[in-house]
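Visitor: Would you mind keeping the following structure in view while I ask a few things?
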Amino acid sequence: MKKFLGIMIASVLLVVLAACGNGTSSSGEKVLRVGATGQSFPNSFKEGDKLVGYDVEVLEAVAKNLGYKVEWTLTDFSGLMGQLEAGKLDTIANNVAVTDERKKVYNFTDKYSVLGTQVAVRSDNNEINTLDDLKGKTISAVLGSNNVKNFKAWDTKGEVTLKTYETRESAMNEVITGKVDGYINASTTLLAEIAKGKLPLKLVGDPISHDDVSFPFARTEQGEKLLKEFNTELQKLRNDGTLLKISKKYYGEDVTQ
């Protein structure tokens with residue numbers, strides 16, 4: 001009898017674990033495992049204990065319409081990409097730019113925003129007024145972000161020193177405290193951060209590139225299914241004005257085009 005009960009319990013556990021691994025909780029809910037940093041204003045950040053932001057709200061609108069319960073995982077950006085590749089996350093809602101390198105590994109939804117990569121310096125910095133003035137200087141960026149790749153592609157001669165940090169806050173504080181000369185990020189994100197925190201920063205030069213931002217999914221059967229579902233819902237959010245409304249809420253302008 002004990003042996004029989006042991007087999008039955010093990011069988012039940014296997015069924016539960018299999019269900020959870022296939023995007024279904026033990027209670028039968030459809031679960032979507034999503035990653036974010038929780039420190040990236042205005043994309044994903046904390047207001048008290050609540051995770052909010054442009055990317056977060058777009059993701060949750062899609063998930064709600066599709067009947068998914070969202071389970072959030074918060075970690076640094078490079079860690080998010082690693083967990084997605086390892087199959088521990090279904091997607092990421094944190095300003096993930098579409099690149100040729102990433103397209104070799106993931107499938108991307110239709111874009112839900114467009115970003116221009118730009119450099120910010122201290123507002124009292126009178127030495128750096130154009131991109132050419134960055135020669136011989138040091139700028140900060142977030143490790144694993146597309147901004148690093150974009151800047152290296154622009155600085156083909158390696159005339160600018162690039163230092164990377166695990167979090168956006170660390171990278172930004174380095175220029176505010178004068179430890180580095182500049183900080184690179186999306187121009188719309190920089191403007192939102194400067195306005196909210198009344199930060200002593202200003203943008204210099206033109207954007208060095210523009211990137212589409214999308215939700216990445218693994219090239220698996222489940223990933224393909226989610227990709228199709230997301231594209232359908234994103235188009236609905238664009239058509240009914242929801243995407244634009246969320247954009248203006250967090251950016252004060254239209255970043256969806």
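The values are calculated or read from the model by the stated rules, or taken from the named source; none is laboratory data. This structure is a prediction, so every number in the text was calculated from the model and none was measured. Glycine gets a Cβ as well: all are built from the backbone with ideal geometry, and neighbour counts include every protein chain shown. SASA here: full protein model, heavy atoms, side chains in, ligands and nucleic acids out. Shrake-Rupley method; radii C 1.70, N 1.55, O 1.52, S 1.80 Å.
Visitor: Give the residues of the range 29-52 that are farther than 20 Å from LEU84 by Cα, open to solvent by 10 Å² or more (accessible area, probe 1.4 Å) and outside any strand (DSSP E or B), sorted by residue number. Reasoning before the result, please.
Guide: So the first thing to find is which residues in the range 29-52 are farther than 20 Å from LEU84 by Cα, and the list is 29, 41-42, 46-50, 52.
Narrowing further to those that are open to solvent by 10 Å² or more (accessible area, probe 1.4 Å): 29, 41, 46-50, 52.
If the condition is that a residue be farther than 20 Å from LEU84 by Cα, open to solvent by 10 Å² or more (accessible area, probe 1.4 Å) and outside any strand (DSSP E or B), then GLU29, PHE41, GLY48, ASP49 are the ones that fit.
Visitor: Filter the range 75-134 down to the residues that are surrounded by fewer than 19 Cβ atoms within 10 Å (Cβ to Cβ), within 20 Å of GLY35 (Cα to Cα) and of a type in the set (Gly, Ala, Ser) and list them by number.
Guide: SER78, GLY79, GLY82, ALA86, GLY87
Visitor: Please find, within the range 135-151, the residue that is most open to solvent (accessible area, probe 1.4 Å) out of those that are among the small types (Gly, Ala, Ser) and touching a residue at least 40 places away in the same chain (Cβ under 8 Å). Give the derivation first.
Guide: Step one: of the range 135-151, the residues among the small types (Gly, Ala, Ser) are 136, 140-141, 144-145.
This time we only want the ones that are touching a residue at least 40 places away in the same chain (Cβ under 8 Å), so: 140-141, 144-145.
Details: SER140: 0, ALA141: 0, GLY144: 40, SER145: 20 Å².
Checked the range 135-151; the qualifying residue most open to solvent (accessible area, probe 1.4 Å) is GLY144.
Visitor: Given the conditions (1) in contact with a strand residue (DSSP E or B) (Cβ under 8 Å, 6 or more places away or on another chain); (2) open to solvent by less than 70 Å² (accessible area, probe 1.4 Å), which single one is not true for TRP154?
Guide: Against the list (1) in contact with a strand residue (DSSP E or B) (Cβ under 8 Å, 6 or more places away or on another chain); (2) open to solvent by less than 70 Å² (accessible area, probe 1.4 Å), TRP154 comes up short only on (2).
Visitor: OK, next. I'm told ALA141 meets every condition in (1) assigned by the TED database to the domain that holds LEU244; (2) touching a Phe, Trp or Tyr at 6+ places or on another chain (Cβ under 9 Å); (3) not charged (D, E, K, R) except one. Can you identify the failing condition by its number?
Guide: (1)
Visitor: Does GLY158 satisfy the criteria of being without any contact (Cβ under 8 Å) to a residue 60 or more places away in the chain, in the same structural domain as LEU66 (by the TED database), out of contact with any His (no Cβ under 7 Å at 6 or more places or on another chain) and at positive phi?
Guide: Against the criterion (without any contact (Cβ under 8 Å) to a residue 60 or more places away in the chain, in the same structural domain as LEU66 (by the TED database), out of contact with any His (no Cβ under 7 Å at 6 or more places or on another chain) and at positive phi), GLY158 does not qualify.
Visitor: Is it the case that SER25 is among the polar types (S, T, N, Q), over 17 Å from the mean Cα position of the chain (by Cα) and either modelled with pLDDT of 90 or more or surrounded by 13 or more Cβ atoms within 10 Å (Cβ to Cβ) (or both)? Write out each step before concluding.
Guide: Working: among the polar types (S, T, N, Q): yes; over 17 Å from the mean Cα position of the chain (by Cα): yes; either modelled with pLDDT of 90 or more or surrounded by 13 or more Cβ atoms within 10 Å (Cβ to Cβ) (or both): yes.
Answer is yes for this residue.
Visitor: Of everything in the range 56-74, what is touching a strand residue (DSSP E or B) at 6+ places or on another chain (Cβ under 9 Å) and either of a type in the set (D, E, K, R) or open to solvent by less than 40 Å² (accessible area, probe 1.4 Å) (or both)? Give them in sequence order.
Guide: Matches in the range 56-74: VAL56, VAL58, LEU59, GLU60, VAL62, ALA63, LYS64, LEU66, TYR68, LYS69, VAL70, GLU71.
Visitor: If you don't mind, another one. Looking at GLY241, GLY178, GLY182 in this structure, which one is surrounded by fewer than 19 Cβ atoms within 10 Å (Cβ to Cβ), more than 15 Å from ASN95 (Cα to Cα) and in the same structural domain as GLU127 (by the TED database)?
Guide: From the options GLY241, GLY178, GLY182, the qualifying one is GLY178.
Visitor: Looking at the structure I just gave you, is GLN235 surrounded by fewer than 22 Cβ atoms within 10 Å (Cβ to Cβ), closer than 30 Å to GLY87 by Cα and touching a residue at least 12 places away in the same chain (Cβ under 8 Å)?
Guide: yes
Visitor: Next question, about the same structure. Condition first: in contact with a Lys or Arg (Cβ under 9 Å, 6 or more places away or on another chain) and either among the hydroxyl-bearing types (Ser, Thr, Tyr) or touching a residue at least 60 places away in the same chain (Cβ under 8 Å) (or both). Now tell me which residues in the range 37-52 satisfy that.
Guide: THR37, GLN39, SER40, PHE41, PRO42, listed by residue number.
Visitor: Restricting attention to the range 60-79, does a residue exist that is in a helix (DSSP H, G or I), modelled with pLDDT under 95 and in contact with a helix residue (DSSP H, G or I) (Cβ under 9 Å, 6 or more places away or on another chain)?
Guide: Going through the range 60-79, the residues in a helix (DSSP H, G or I) turn out to be 60-66, 77-79.
Keeping just the survivors that are modelled with pLDDT under 95 gives 77-79.
Add one more test, that the residue is in contact with a helix residue (DSSP H, G or I) (Cβ under 9 Å, 6 or more places away or on another chain), and what stays is 77.
The answer is yes, given that some residue of the range 60-79 is in a helix (DSSP H, G or I), modelled with pLDDT under 95 and in contact with a helix residue (DSSP H, G or I) (Cβ under 9 Å, 6 or more places away or on another chain).
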